[in-house]
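Student: Got a structure for you, questions after.
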Amino acid sequence: MTLRLFIPRDAGALALGAEAVAARLAAALRQHGVAHEIVRTGSRGLYWLEPMVEVATPAGRVAYGPVAPVAAESVLEAILADAGPHPLRLGAPDAIPFLKRQTRLSFARCGEIDPLSLADYQAAGGYLGLTRALAMAGPAAIETVIESGLRGRGGAGFPTGIKWRTAAQAAGARKFIVCNADEGDSGTFADRMIMEGDPFLLIEGMTIAGLAVGAGKGYIYIRSEYPHAIATMNAAILLARAEGLLGGDVLGSGRGFELEVRVGAGAYVCGEETALLDSIEGKRGQVRAKPPLPAITGLFGCPTVINNVLTLVAVPWIFSHGATAYREFGMGRSRGTMPIQLAGNIRHGGLYEAAFGVSLGTLVEDIGGGTASGRPVRAVQVGGPLGAYFPPALFDTPFDYEAFAARDGLIGHGGIVVFDDSVDMARQARFALEFCSVESCGKCTPCRIGSTRGVEVLDRVLAGENVAANLALIEDLCQTLKFGSLCALGGFTPYPVMSALTHFREDFVPHRPLAAE
Amino acid sequence: MASSQPRVSDLAWDADRAAAIIAAHAGTEGPLLPALHALQAAFGHIPAEAVPALAHAFNLSRADVHGVVSFYHDFRDHPAGRHVLRLCRAEACQAMGGDGLAARARARLGVGWGETTADGALTLEPVFCLGLCACGPSAMLDGALHGRLDAAALDALLDEVAP
Ligand SMILES: Cc1cc2nc3c(=O)[nH]c(=O)nc-3n(C[C@H](O)[C@H](O)[C@H](O)COP(=O)(O)O)c2cc1C
Ligand code: SF4
Ligand code: FES
């Protein structure tokens, strides 16, 4: 019997040596003369256990990890002894508590299947959603999305079905679906993981969106920092087209949908939806004033739906299992599941998909296991560089759009970055202002110039000059940013700055200079 | 093993080669970014001579093209060193000691951000997140990813490309 091994080719696993592990295992298997197949998968998202090697056994998969390249041969000995004992043996992957406690709707297949096998994808329920959607009229498909309660996962949490309906009802000879895969927030990697680990899911979700809205073409705008995701998406699009899942006649329906990948060029602000459209059009990525909404006047002046990757990959499940089943998960107005990303100084970092409502403390302390350094948690930043820093005193906050907003925070794209007690919160506040000044698109004065002034004023505080007056100046500046910015880059930079000042004021005392970088 | 950047001999301006690259994007809607990426892949930077060629081909002003090139952090106006090390400076990597690693790299190489060592071996660039935030600090060396870096791992990477 052919031995089947599974090794991720996810960028995170590759960064930890998965390629060398695969090569060493293949060489050793040849030496042993064992007939084998090595399937390269996505990652299951248990990054502290990557590279994770799995073997198929009659009783199901058995996992080993983290397998450093030097451990490959000894792990193989154990695998060849009937998936036997080894210090790195983890047992059945599904039984690992971190995975077992999740509700994986969007990430059900990620890490398990060969991302570029359409047969694997379909065998695991792929394209059932599109088949169901094709049987509905466009408006009924849109009603399904509205009923599911799905809200945008890119940050703003706007109801997805309403956006689709606006674009569907807008007049236009051409319409577009644009997938926002710019994923610029530090602490987030779910878009990357799903594009690398289950690309047909995104293709299926975008195709459903295109057919529902009446758009014939979609673009996936992927940041250039993600070369592996770009390669996987491009390969998957070719395969889908060859099988009639994209092109002029999707699944024999007589209706067409095409997809193209566009690559960003290292500008954080291009994740903002209108700057992203300008970027695809070949311009500087500058934020456009709204109205007009992109759903009415979007890409190349045509009605355009822009959705985050995680929004679009939630769609096939909603169609295959029903809107009601989806909305049964969650709390309040946050329905369904959120692929949460545990990052930074955390023992069990990775992808944790769960229904909305789990508390921040449960995520950090219980599921994440506290810090990687073993020191106490001091702060967590939720929602990327524009998100607030929360102290453990706020760990009872449930993961929910409204609950975070009520505490002057945001969930953003679902990234949680953990810091231990060695963090200098004045330094983090300074970084937030500096990031804003570097990444500003330049349209609004507070964002472009105020952020630079903010860095200077903060440096004065840290040099011990007029501390009280200068801190008051920073608070003023945050008010100006909040109300005088066209988009959330300027508008939300006050979140990290003010949360640091509010919850960690003791750090804003004279320092040695921070400006050296 | 990290593959290196295009060879210096390949980076010289070649009008015909550039024209062919630009022409290949003529049928694309919104061709400028794809064309710039292709030019940078070929020449290691965006040569100044490419700006009028792009403007002409896509019916834009030179100022428009220049504005786009200068807006995006990815596009270089001169070639990088033989190797490029991009160190992540974003928050999740900061939480794992990224700032200390960055200081170590700069001190050892004697360069600031965006600068190339005197012998042309290596360019050091900041990057704001590589999507490896659960296994930081992270870096990309000539397209190869590295996670859970510490001082010893960073030194080993640098030994390989900038001994
Ligand atoms: C500065 C800035 C950066 C953003 N970056 C992203 C991003 O990387 N990915 C994303 O999906 N949305 C990002 N957004 C939000 C988008 O503007 C937009 O709300 C989102 O793409 C809509 O999709 P959704 O409704 O599916 O969330 C960003 C917004 C701002 C202001
Ligand atoms: S807030 Fe900043 S990034 Fe946003 S539109 Fe204004 S200048 Fe541009
Ligand atoms: S913050 Fe460094 S990889 Fe995301």
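Student: If you take the accessible area of A alone plus B alone and subtract the pair, what total do you get in square angstrom, rounded to 100, with a 1.4 Å probe?
Tutor: Using a 1.4 Å probe, the pair buries roughly 3700 Å².
Student: Hey, another quick one. For the protein assembly as shown, give the percent of accessible area contributed by carbon and sulfur heavy atoms, probe 1.4 Å, rounded to a whole number.
Tutor: Here it works out to 55 percent.
Student: Please list 3J(HN,Hα) in residue order for the range A:288-300, calculated via the Karplus relation 6.51 cos²θ - 1.76 cosθ + 1.60 where θ = phi - 60°; whole Hz, with x for glycine and proline.
Tutor: 9, 6, 10, x, x, 5, x, 4, 9, 10, x, 5, 6
Student: Nearest 0.05, what FRET efficiency do B:Asp150 and A:Arg89 give at R0 = 25 Å with Cβ-Cβ as r?
Tutor: The formula returns an efficiency of 0.40 here.
Student: Please give the Cα centre distance for the range A:1-75 versus the range A:157-187, rounded to the nearest Å.
Tutor: So the two Cα centres are separated by 38 Å.
Student: Given chain B reduced to its alpha-carbon atoms as identical point scatterers, what log10 I(q)/I(0) does the Debye formula return at q = 0.10, 0.11, 0.12, 0.19 Å⁻¹?
Tutor: -0.43, -0.51, -0.60, -1.11
Student: Ranked from the most accessible area to the least, with a 1.4 Å probe and all protein chains present, what is the order of A:Tyr495, A:Tyr389?
Tutor: Reading off the accessible areas and sorting them downward yields A:Tyr495, A:Tyr389.
Student: Counting DSSP beta bridges with both partners in the protein assembly as shown, what percentage is antiparallel, nearest 5?
Tutor: Of all bridge pairs located within the protein assembly as shown, approximately 50 percent are antiparallel.
Student: What's the magnitude of the charge dipole for the range B:8-71 around its Cα centre, counting Lys and Arg as +1 and Asp and Glu as -1 at the beta-carbon? Answer in Debye, nearest 20.
Tutor: Computed about the Cα centre, the dipole is about 80 debye.
Student: I've got another one for you. Would you mind computing Rg(Cα) / (2.2 N^0.38 Å) for the range B:8-71, counting N as its residues?
Tutor: 1.01
Student: Using only the Cα atoms, work out Rg/Rh for the range B:83-161, with Rh taken as the Kirkwood radius, to two decimals.
Tutor: 0.92
Student: If a cysteine in chain B has no other Cys Cβ under 4.7 Å from its own Cβ, put it on the list, ordered by number.
Tutor: B:Cys129, B:Cys133, B:Cys135
Student: Estimate the FRET efficiency between A:Asp82 and A:Ala20 by the formula 1/(1 + (r/R0)^6), using the beta-carbon distance for r and 25 Å for R0, to the nearest 0.05.
Tutor: 0.45
Student: Can I ask one more? Compute, for chain A, the length of the dipole vector about the Cα centre, with Cβ point charges of +1 (Lys, Arg) and -1 (Asp, Glu) only. Units Debye, rounded to 20.
Tutor: 920
Student: Return the residues of the range B:81-120 for which accessible area with all protein chains present is lower than in the chain on its own by 30 Å² or more; set the probe to 1.4 Å and exclude ligands, DNA and RNA.
Tutor: When all protein chains are present, B:Arg89, B:Glu91, B:Ala92, B:Gln94, B:Ala95, B:Met96, B:Asp99, B:Arg106 each give up 30 Å² or more of accessible surface.
Student: For a test of the definition: using alpha carbon positions, the gyration tensor, and the 1.5 limit on a/c, classify chain A as rounded, prolate or oblate.
Tutor: It is oblate, given that a/c is not under 1.5 and a/b is not larger than b/c.
Student: Which residues, if any, in the range A:410-449 have at least 50 Å² less accessible area in the whole protein complex than in the isolated chain, probe 1.4 Å?
Tutor: Listed in order, they are A:Phe431.
Student: Given 10 Å bins starting at zero, what is the percent of C-alpha pairs of the range A:12-146 in each, up to the one with the largest pair distance?
Tutor: 11, 36, 30, 13, 8, 3
Student: Assuming R0 = 45 Å, what is the FRET efficiency of B:His78 and A:Thr324, from their Cβ-Cβ distance, to the nearest 0.05?
Tutor: 0.15
Student: May I have the convex hull volume per residue, in Å³, for the Cα set of the range A:191-268?
Tutor: Hull volume normalised by residue count: 84 Å³.
Student: Using a 1.4 Å probe and counting only protein heavy atoms, arrange B:Arg76, B:Arg17, A:Arg430 so the residue with the most accessible area comes first.
Tutor: Putting B:Arg76, B:Arg17, A:Arg430 in descending order of accessible area: B:Arg17, B:Arg76, A:Arg430.
Student: Not counting ligands, DNA or RNA, and with a 1.4 Å probe, what is A:His228's accessible surface area in Å² rounded to the nearest 10?
Tutor: The value for A:His228 is about 50 Å².
Student: How large is the Kirkwood hydrodynamic radius of the range A:64-134, in angstrom, based on all distinct alpha carbon pairs?
Tutor: Every distinct Cα pair counted, the radius reaches 14.8 Å.
Student: What are the ³J(HN,Hα) values, in whole Hz, obtained from phi via the Karplus relation 6.51 cos²θ - 1.76 cosθ + 1.60 with θ = phi - 60°, for each residue of the range B:96-108 in sequence order, with x given for Gly and Pro?
Tutor: 3J(HN,Hα) across the range B:96-108, in whole Hz: 10, x, x, 5, x, 5, 4, 5, 5, 5, 5, 5, 5.
Student: Suppose we compare each residue of the range B:122-146 in its chain alone and in the full protein complex with a 1.4 Å probe; which ones drop by at least 20 Å² of accessible area?
Tutor: B:Phe128, B:Cys129, B:Leu130, B:Gly131, B:Leu132, B:Cys133, B:Ala134, B:Cys135, B:Met140, B:Leu145
Student: Further, regarding this structure: Treat each spin label as a single point 7 Å out from the Cα along the C-beta direction, and report the A:Ala27 to A:Leu238 distance in nm.
Tutor: The answer from the label model is 2.9 nm.
Student: I need two numbers for the range A:321-427: Rg to one decimal and Dmax as a whole number, Cα atoms only, in Å.
Tutor: Cα radius of gyration and Dmax of the range A:321-427 are 13.8, 48 Å respectively.
Student: Here's a follow-up. In deg cm²/dmol, rounded to 500, what helix-only [θ] at 222 nm does the protein assembly as shown give when every DSSP H run of at least 4 residues adds -39500 (n - 2.57) and the total is split over its residues?
Tutor: -11500 deg cm²/dmol
Student: Where a Cα-Cα gap under 30 Å defines reach, which lysines qualify for A:Lys482, not counting those fewer than 8 residues away within the same chain?
Tutor: A:Lys163, A:Lys283, A:Lys290, A:Lys443
Student: Would you mind getting the accessible area per residue of the protein assembly as shown, heavy atoms of the protein chains only, 1.4 Å probe, in Å²?
Tutor: I get 36 Å² per residue for the protein assembly as shown.
Student: While we're looking at this one, here's another question. Amide H to amide H, which residues 5 or more places from A:Ser359 or on other chains are under 5 Å from it, using H placed in the peptide plane?
Tutor: Long-range HN contacts for A:Ser359: A:Phe399.
Student: Same structure again: Cα to Cα, under 16 Å, and not fewer than 8 places away if on the same chain: which aspartates and glutamates meet these conditions relative to A:Lys100?
Tutor: A:Glu112, A:Glu353, A:Asp366
Student: Still on this model: For A:Asp366 and A:Glu456, compute 0.36 nm times the residue count separating them, minus their Cα-Cα distance, and round to one decimal in nm.
Tutor: Difference between extended and current length: 28.5 nm.
Student: Give me a comma-separated list of calculated 3J(HN,Hα) values for the range A:117-132, in order, Karplus coefficients 6.51, -1.76, 1.60 applied at θ = phi - 60°, integers in Hz, x for any Gly or Pro.
Tutor: Going residue by residue, I get 9, 5, 5, 4, 4, 6, 5, 9, x, x, 6, 5, x, 5, 4, 5 Hz, with x marking Gly and Pro.
The values are calculated or read from the model by the stated rules, or taken from the named source; none is laboratory data. These numbers come from a predicted model, not from an experiment. All Cβ positions, even for glycine, are placed from backbone atoms using ideal geometry, and neighbour counts span all protein chains on display. In case anyone asks, the SASA skips ligands and DNA or RNA and just uses the protein heavy atoms, side chains included. Shrake-Rupley method; radii C 1.70, N 1.55, O 1.52, S 1.80 Å.
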